[in-house]
1. If you take the residues of segment 104-147 that are farther than 15 Å from ASP89 by Cα and basic (Lys, Arg), which of them is nearest to the chain's Cα centre (by Cα)?
2. Quick check, is ARG162 among the charged types (D, E, K, R), buried (at least 18 other Cβ atoms within 10 Å of the Cβ) and over 24 Å from ASP78 (Cα atoms)?
3. If a residue must be within 18 Å of ASN191 (Cα to Cα) and either acidic (Asp, Glu) or free of Cβ contacts under 8 Å to residues at least 12 places away in the same chain (or both), how many such residues does segment 78-108 contain?
4. Taking into account only those residues within segment 172-219 that are acidic (Asp, Glu), closer than 24 Å to VAL85 by Cβ and at pLDDT below 95, which is surrounded by the fewest Cβ atoms within 10 Å (Cβ to Cβ)?
5. Check ALA181, ALA95, ALA137, ALA158 and return the single one that is out of contact with any strand residue (DSSP E or B) (no Cβ under 9 Å at 6 or more places or on another chain) and aliphatic (A, V, I, L, M).
6. Can you give me the number of residues within segment 73-89 that are in a strand (DSSP E or B) and of a type in the set (S, T, N, Q)?
7. For GLN70, which of the numbered conditions (1) assigned to a helix (DSSP H, G or I); (2) modelled with pLDDT under 90 fails to hold?
Amino acid sequence: MNAVRNPGSVMIYPPVLTFILLMLQVFDVSAREPESRKALRLQNALSERSLNLYDGVRREDRPQCTRLLQALRLKSRDIRYVEPVVTTDDSSHPALAHYGDCRSYSGPRSPETFSDLTLSIGTHTFRLYRTDLDGNADNGPEEYIYAEEPKFSDAPSASYYRVDLMRCLHGDGAVVSPENAKKSQYDRGVNALIRFQADHFVISFNEDLGALQAWKYNRAERYFPPAATCYWR
């Protein structure tokens, strides 16, 4: 399947090759596993460990935390893994361009002002999520971005993060164990955004520590709490 030149010296590719090249240039999606495949990895990892729910978990959250752990261990169909709309290692990917707009934000600035993906969120393993988290279709889908190891951090780290793009302010999110740490020789985490029954959670399993955390999205206040809702070890 070779390219040919037309009389004007413009390269012409066969239709199939043209489509492949276009997909690579426009979407730049890494060939990572679908989020749903993490269900089996988590099931296998959790079946090898006896995890205990942390005493500090709130009493009202404990029943749902127990059900969530059981569902993860059984790879239950009650859990739906939310797939990102974009997956890339390129911080300048066109689908992330609206985050770059905050570099030239002309409004009032403070320590809470967001300006750069690589400084504040991560340098690689970007995953952009757009999904309805609060159950209100009128306000559109919520957007969170996942990335690993921001430039300012000297230690492996990763996070799911929301940016208030109207005001370029740091929003809520969850700090998790990285899956593709470049500052460590180990892949330490398994992270996902899931829907369990009527609620959404960010879940993170640290393979080194044998610890599992889950942050439940607060639909009324529209945010993920800074502290994990459920914690097992």
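The values are calculated or read from the model by the stated rules, or taken from the named source; none is laboratory data. Keep in mind that this is a model prediction, so the values were computed, not measured. Here Cβ is always computed from backbone atoms with ideal geometry, including for glycine, and neighbour counts include all displayed protein chains.
1. Here the residue is ARG130.
2. yes
3. Of the residues in that region, 3 qualify.
4. In this case the residue turns out to be ASP187.
5. Unique residue meeting the criteria: ALA137.
6. 2
7. (2)
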